[in-house]
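Comments concern the structure below.
The values are calculated or read from the model by the stated rules, or taken from the named source; none is laboratory data. Every value quoted in this text rests on a predicted model; they were computed, and no experiment measured them. For neighbour counting, all protein chains shown are included, and Cβ atoms are generated from backbone atoms with ideal geometry for every residue, glycine included.
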Amino acid sequence: SLTSGSLVSGHTITYSITGTITTVGTATNTLNGVTIKSGTTDVTSNYNVTKSNGTLTITARAITAKAADGTWTYDGSAHTKNATTDGSITSGSLATNHTITYSITGTITNVGTATNTLNGVTIKSGTTDVTSNYSVTKVNGTLTVTRSAVASYTATNRTYNGTEQTGVTGSNVTLTDD
């Protein structure tokens, strides 16, 4: 653009510029030349033109990625939520046609909570890794195991009668959440 001075009324200016950038960083936007015309007549030689290149800049795209949370009832097994798809973007978004995978570690077996750690992400455009074009804030998830229901039995009192006596008749089994 014209940064100082002015054109005579009715004159037009055309710029010849080259410069491209597609990834995070900077690149020169080169001003190759200018042409100033009055109608169809080139009048550039009547002007003192000082050319100055510009700079193209792309900054990283900000996203927040979170490892998945998971909740299970105690069953004695180790539980995880660490598949490469066990995460989500909670703020920001990926560029069109980009995909994300998550590197997550965390496991829980006993009642309580454990951290599901988001170690990192990989973002791709097709097969090309473009992670460096993103500023990623990582948020861990939480794994939780809750107590299982406990079956309890209330015995029925019996009086000795000299014969074998069986257990319960009816339904004296209750489940509690202790």
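Worth pointing out:
- Qualifying residue in the stretch 23-38 (condition: at pLDDT 95 or above, surrounded by 14 or more Cβ atoms within 10 Å (Cβ to Cβ) and in a loop (DSSP other than H, G, I, E, B)): yes
- Condition met for Gly33 (farther than 30 Å from Lys138 by Cα and of a type in the set (Gly, Ala, Ser)): yes
- Elements of the type strands (runs of 3 or more DSSP E) sitting completely within the stretch 48-166 and holding at least 3 residues that are exposed (fewer than 12 other Cβ atoms within 10 Å of the Cβ): these cover 150-153.
- The stretch 113-132: number of residues that are without any contact (Cβ under 8 Å) to a residue 60 or more places away in the chain and touching a His at 6+ places or on another chain (Cβ under 7 Å): 3
- On the stretch given as the stretch 5-19, residues that are under 18 Å from Thr55 (Cβ atoms) and part of a loop (DSSP other than H, G, I, E, B) total 1.
- The set of residues in the stretch 4-44 being farther than 30 Å from Ser125 by Cα and within 41 Å of the chain's Cα centre (by Cα) consists of Tyr15, Ser16, Leu31, Asn32.
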